1. Can you find a residue in the stretch 327-350 that is in contact with a His (Cβ under 9 Å, 6 or more places away or on another chain) and surrounded by 19 or more Cβ atoms within 10 Å (Cβ to Cβ)?
2. From the list VAL31, VAL16, exactly one residue is assigned to a helix (DSSP H, G or I), open to solvent by 40 Å² or more (accessible area, probe 1.4 Å), closer than 23 Å to ASP168 by Cβ and aliphatic (A, V, I, L, M). Which is it?
3. I'd like to verify a number: residues in the stretch 295-326 that are open to solvent by 20 Å² or more (accessible area, probe 1.4 Å) and hydroxyl-bearing (Ser, Thr, Tyr), how many?
4. Which condition breaks for ILE147 when tested against (1) surrounded by 16 or more Cβ atoms within 10 Å (Cβ to Cβ); (2) part of a helix (DSSP H, G or I)?
5. Search the stretch 97-119 for residues being surrounded by fewer than 24 Cβ atoms within 10 Å (Cβ to Cβ) and small (Gly, Ala, Ser), and hand back the single one that is nearest to ARG157 (Cα to Cα).
6. Please count how many residues of the stretch 55-78 are open to solvent by 20 Å² or more (accessible area, probe 1.4 Å), at pLDDT 95 or above and over 15 Å from PHE229 (Cβ atoms).
7. Could you list, ordered by first residue, the pairs with Cβ atoms under 9 Å in which the first is in the stretch 122-136 and within 16 Å of GLN159 (Cβ to Cβ) and in contact (Cβ under 8 Å) with a residue 60 or more places away in the chain and the second is buried (at least 21 other Cβ atoms within 10 Å of the Cβ) and of a type in the set (Val, Ile, Thr), at least 6 apart or interchain?
Amino acid sequence: MSPGFAARHWYRLSAVSLLLAPLGFAFSLLVRLRRAMYRRGLLRSVRLRVPVIVVGNLTVGGTGKTPLVLWLAAELRRRGMRPAILCRGYGGADAGPRAVRGSDEASRVGDEPLLLALRGGCPVWIGRDRAAAGTALLDAHPECDVILCDDGLQHYRLQRDVEIAVEDARGHGNGLLLPAGPLREPADRPVDALVKNVEPADRPVDALVRNLDASEGAKYARGAAGRAFAMRLEPRGFHFVHDPARAATAGELARARLHAVAGIGEPQRFFALLARLGLKPVCHAFPDHHDYAAADLAFENCDLVLMTEKDAVKCARYGRSDLVALRVEAVLDPAFPDFIASRLHGHASA
């Protein structure tokens, strides 16, 4: 789905979204039927022997899940735990289960798992059946005592101890389900961590994390009985894709003829961040998880092409010396670390 289509039809009520509304209603019925099958035991969920934290969202597209997973991995390591990361491997050809290494190709394992393997500092595995992949991961790494699941809020087959839903300023868009709107499931799961011992399809999310920029965060107040938290993505410097040890400053980049590409869920957020840094590139938006071809990066009157790290792991194969990536890191509400620790307390390894 192109960024333009989403902006025109998923995040407002349009003639197209209203025309597709019956299909969204049919999709909602299928989602509720699947939930009911888990509830009645017709479909079975699997519990792993360590606590599982699922970071996901109710909508299609990127909202900041991967930076949050990286933040959680670092925070859990800081607290003496040994996390591992589990992903579906969206966009990759391998079904898994298998480990992801920094030398892998994004076309095999997916762009987000590869980025997590490069930056996460812990084992990363992929598998379309995340319950099976989680079991294989723990067999290979018995030292791991908590699993972070990047996406998977709707993967009810894997039981979880903590659910974190991430959204950005776009919220639930027009409030309709696919394909009429961006929702993957009805937005009726409350934020409430007090309900225990229920099937994954019925459990409420434990926390809502809102990915906001500085101006949005200033207006945001914590709600949902203290279980909604603000997050922002802060720039941590530019580096050349072909030589990550070679850094570049915004001042140096500003003197070059710049183009910028973004194949993420909300490309305009990346372009706005570049503007905040004083850069004025010619901007090119691509669909989320876009598989770049060499022609996509061929621009006239261009010295350097700026991109996200998620795009960089796919474009590194070209070996070009004019590609520059911007690293960002999640900054969380100061209350969030203790909140996560409190939710994990009592969920020790089985």
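The values are calculated or read from the model by the stated rules, or taken from the named source; none is laboratory data. Treat the numbers as computed from the prediction; the structure is a model and nothing was measured. All Cβ positions, even for glycine, are placed from backbone atoms using ideal geometry, and neighbour counts span all protein chains on display. Heads up: the accessible areas ignore ligands, DNA and RNA and are worked out on the full protein's heavy atoms, side chains in. Shrake-Rupley method; radii C 1.70, N 1.55, O 1.52, S 1.80 Å.
1. Scanning the stretch 327-350 turns up no residue that is in contact with a His (Cβ under 9 Å, 6 or more places away or on another chain) and surrounded by 19 or more Cβ atoms within 10 Å (Cβ to Cβ).
2. After ruling out the rest, the residue left standing is VAL16.
3. Total meeting the criteria: 2.
4. Single failed check for ILE147: (2).
5. The selected residue is ALA99.
6. 4
7. These pairs meet every condition: GLY134/VAL50; GLY134/VAL52; GLY134/ILE147.
Matching residues to (1) over 30 Å from LEU138 (Cα atoms); (2) within 24 Å of the chain's Cα centre (by Cα); (3) in a helix (DSSP H, G or I):
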site: PHE5; (1), (2), (3): yes, yes, yes
site: PRO22; (1), (2), (3): yes, no, yes
site: LEU42; (1), (2), (3): no, no, no
site: ILE53; (1), (2), (3): no, yes, no
site: THR63; (1), (2), (3): no, yes, no
site: ALA74; (1), (2), (3): no, yes, yes
site: ARG77; (1), (2), (3): no, yes, yes
site: GLY80; (1), (2), (3): no, no, no
